[in-house]
1. With a 1.4 Å probe, how much accessible area is buried between chains A and B, both sides summed, in Å² to the nearest hundred?
2. Determine the dipole magnitude for the protein assembly as shown: charges of +1 sit on the beta-carbon of Lys and Arg, -1 on that of Asp and Glu, nothing else is charged, the reference point is the Cα centre, and the result goes in debye to the nearest 20.
3. With an 8 Å cut-off on Cα pairs and a minimum separation of 6 or more residues, tell me the relative contact order of region A:443-501 in percent.
4. Say each of B:Val14 and B:Val251 gets a label point 7 Å from the Cα, pointing the same way as Cα to Cβ; how far apart are those two points in nm?
5. Provide the descending list of Cα extents for region A:449-505 along its principal axes, expressed in whole angstroms.
6. What FRET efficiency comes out for A:Ser498 versus A:Lys74 if R0 is 41 angstrom and r is the Cβ-Cβ distance? Round to the nearest 0.05.
7. With loop defined by DSSP as not H, G, I, E or B, and exposure as at most 14 other Cβ atoms within 10 Å, which is the longest segment of chain B clear of exposed chymotrypsin sites (Phe, Trp or Tyr not before Pro)?
8. Could you work out, for region A:208-377, what percent of all Cα-Cα pairs fall into each 10 Å distance bin, beginning at 0 Å and stopping at the bin that holds the largest distance?
Amino acid sequence: MTIPREEMLKIDNTPPRKSWMEVPPDFSKGKFCYPSQIKALEYLKMPNPREWSPTDEDWKLPPNWQEIIHKGFKERLDKYRSLKVFMDVCVRCGACADKCHFFIGTGDPKNMPVLRAELLRSIYRNDFTLAGKILGKLAGARKLTTDVIKEWFSYFYQCTECRRCSVFCPYGIDTAEITMMARELLHLLGISIHWIMDPVSNCTRTGNHLGIQPQNFKEIIEFFCDDIEEITGKRIEPSFNRKGAEILFVTPSGDAFADPGTYSFMGYLMLFEAIGLDYTLSTYASEGGNFGLFTSSDMMKKLNAKMYHEAKRLGVKYIIGGECGHMWRVINQYMDTMNGPADFLEVPKSPITGTVFENAKSTKMVHIAEFTADLIKHNKLKLDPSRNDHLKVTFHDSCNPSRAMGLLEEPRYVIKNVCNHFYDMPANTIRENTFCCGSGSGLNTEEIMELRLRGGLPRANAVKHVHETFGVNMLACVCAIDRAVLPPLMNYWVPGVSVTGLHELVGNALILDGEIERTLNLRMEDLPGAEGEGNDDDE
Amino acid sequence: MNVQYMSALIAVVVLGFLAYIGTEFLGLNSLFGIFIPYLAVCFFLVGAILKVMKWAKSPVPFRIPTTCGQQKSLDWIEQNKIDNPSTTPGVIARMFFEVLLFRSLFRNTKAGIKEGKITYEWEIFLWVGALAFHYSFLTVLVRHMRFFLEPVPGLIGIVETLDGFFQVGTPGVLLSGVVLLGAVLFLLSRRLLIPQVRYISLMADYFPLFLIIGIAGTGIYMRYFARVDVVAIKQLAMSLVTLHPAIPQNVTVSGILYVHLFLVSVLFAYFPLSKLMHMGGVFLSPTRNLANNSRMERHINPWNPDLKFHTYEAYENDFREKMIEAGLPVEKEA
């Protein structure tokens, strides 16, 4: 990003003089996500595939688009009590305003969660309430015009569905819920973004967002095993699509594809090798993430269905899920409801420690951090945390595992056992108060980099604090999107801080039986104090 | 100047004048003293019940609590049973703190930028203001039951004694009324003074504030300054609750009382149509009133659709040859 940091920090949050209803959205370059392509929408059989751009005057909406929105809105009000209540009860107290990372980073009043919701509420009042029909603008109602649709597209794709505002709302109004509804409505008109619909279409066909075909998926994992062999002297032979394995392991495909997620994938493989776990990977269910969550509840259900479908086909006892943020919202809050009951699986029980995971007795799916924390607690892993001594680590709670699950202590416990230097960021910025990476909910696309850097500012600012105070140089996380987007965020705001997954730290500290003396870490860098022959060319 | 608050202010002033002129000059005492109050109460009851029923009619398809603490997982990790409840008693405790103590609002912080760094301060005033407002309103409401009940229950006496704890002036100053007016003025001033809050505020936000200022103002005026005939007011109130409505004939009831009563009636009637229904809505908020136990117990979505997804079979059909070549197991050989 070429904008200097000082410029970026000049955030003007004085609201415009004009009423927000009269301020049009900004569709200059870099301010919007590219729309989805015809072929993705056609493959997914979604409405109104066409060539269009947000900069066009005419968005080529279907002729009866107002009717479509009205009907779609009504249908969703009837299906979701959340939407109905959230449309009615907001008192506009403003407590949510400066809780949103996008508002803090941009100063744009429509990024205040309350006003983001008003974009939808104003139409709700006009179409469905008496006061709105009689009093119009005085009651905060307005007519549905194409400008409203354009505004929705702009601002419901400037929300990462992180739910931080809902922690502070006295009525628990959850903007994620509102954004999800608004995006569903936009989909009815064929308005969506490439960065979400492309992964969704890929995932449907190949089983993962990146469109990795089965043979390539296997190859990639085998490359990891080559690296592990070089580092540890041990050859790992993971199985694929193997029937009769005890456990199916599913992790986001980002871990197979992009650094530093790849190192965490190596960490998983090493961990399972160390404990002799009877598990298999699937090329069909090779995606933990679910961009359907950012599309529609139907799409989320269809993509998520593969996990149980594959677990049933392979005859495994239960599923372990890797490190991913929104994946775990889907698993914790939606999966069993949508695609259960998983009565063909067994209540998860660690074959190593005998621990029964009562908290997952219905979904039959355990988070890898829960699984590993249990192993460590029972002393089942040989660990040498000093291999991570060159790292001063802090932990970024991902939005969904913290606010839609409550996975807070498990990863911290693991980190503290595999690293000697751990420093939490300030309390206002972690755990349930955690700040989004700024690129969640499918917004991790390149063309809106400035917006992402602005949205990630509160997170980066907290990292900067521990970087300056304690010399923190490593930001750990349990989310594949985090691993993809935090490196550029750190690079811009807090140079000198790298990003790692939890299980990369585990893999580095883990002592495998019969391994050679390690001189390299999983990134093929020399371990400090060890005389290695690794590559020094990456910094 | 802002059309949203000006229109709300004008509306309340006009309403007040209507009642005053109507009763002092036009003799519409029965309209303002009997007919409208009855209508307003009916409107309130029916409206509020219908609204809650309308909400309740929509199902809660997914279990979506906002978790604000450690989940229940491994035995040795301490769960935050209130902010991340996994059981019904936990949810009840969470709702207790939410509804009665405004737990979420208590968390409020204020973000700012100082020397290139973002800072967060604990911002307690909104919570204090909101708590003061709601509890003083409740106290005032309970105190007013004195007018509608004969004999006056002991509890109301106790509330009044506590309310008049400071024993200043005659008649003794009741704290609740003063706090109510103060809190409403605070809430109004933050709406007017904080630029962001002013930007999002609608007439619907100012109207109830002005209405309550009018109600509290006329109430305080009647108690401490006008010294209205309390016996006559009680006579009117009792006639209303016993369903034998009658305007007291031998004594005069001040026009200000009718203004007070009319504004209260408007508030009652307005309630179900407005954001004031947050009083009922807070109980139905799915991010607060559900246990985070959806991995332990299956939550049912009544409209769970049956959808076709891309099955393993379709996948293998697509990639069979490549899978065989890569040595991946397949269901059907080519």
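The values are calculated or read from the model by the stated rules, or taken from the named source; none is laboratory data. From a predicted model like this one, the values you see are computed outputs, not experimental measurements. Glycine gets a Cβ as well: all are built from the backbone with ideal geometry, and neighbour counts include every protein chain shown. Note: areas computed on protein heavy atoms with side chains; ligands, DNA, RNA excluded. Shrake-Rupley method; radii C 1.70, N 1.55, O 1.52, S 1.80 Å.
1. Working: alone 21610 and 21490 Å², together 34110 Å².
Approximately 9000 Å², summed over both chains.
2. On the way: 90 positive and 93 negative charges, 895 e Å.
Here the protein assembly as shown has a charge dipole of around 4300 debye.
3. On the way: 53 pairs, mean separation 22.1, N = 59.
Relative contact order for region A:443-501 comes out at 37 percent.
4. 3.5 nm
5. 30, 27, 14
6. Details: r = 49 Å, r/R0 = 1.20.
Approximately 0.25, to the nearest 0.05.
7. On the way: sites that count: B:Phe25, B:Trp76, B:Phe165, B:Phe166, B:Trp303.
By the stated rule (loop sites, at most 14 other Cβ atoms within 10 Å), B:167-302.
8. 10, 41, 38, 10, 1
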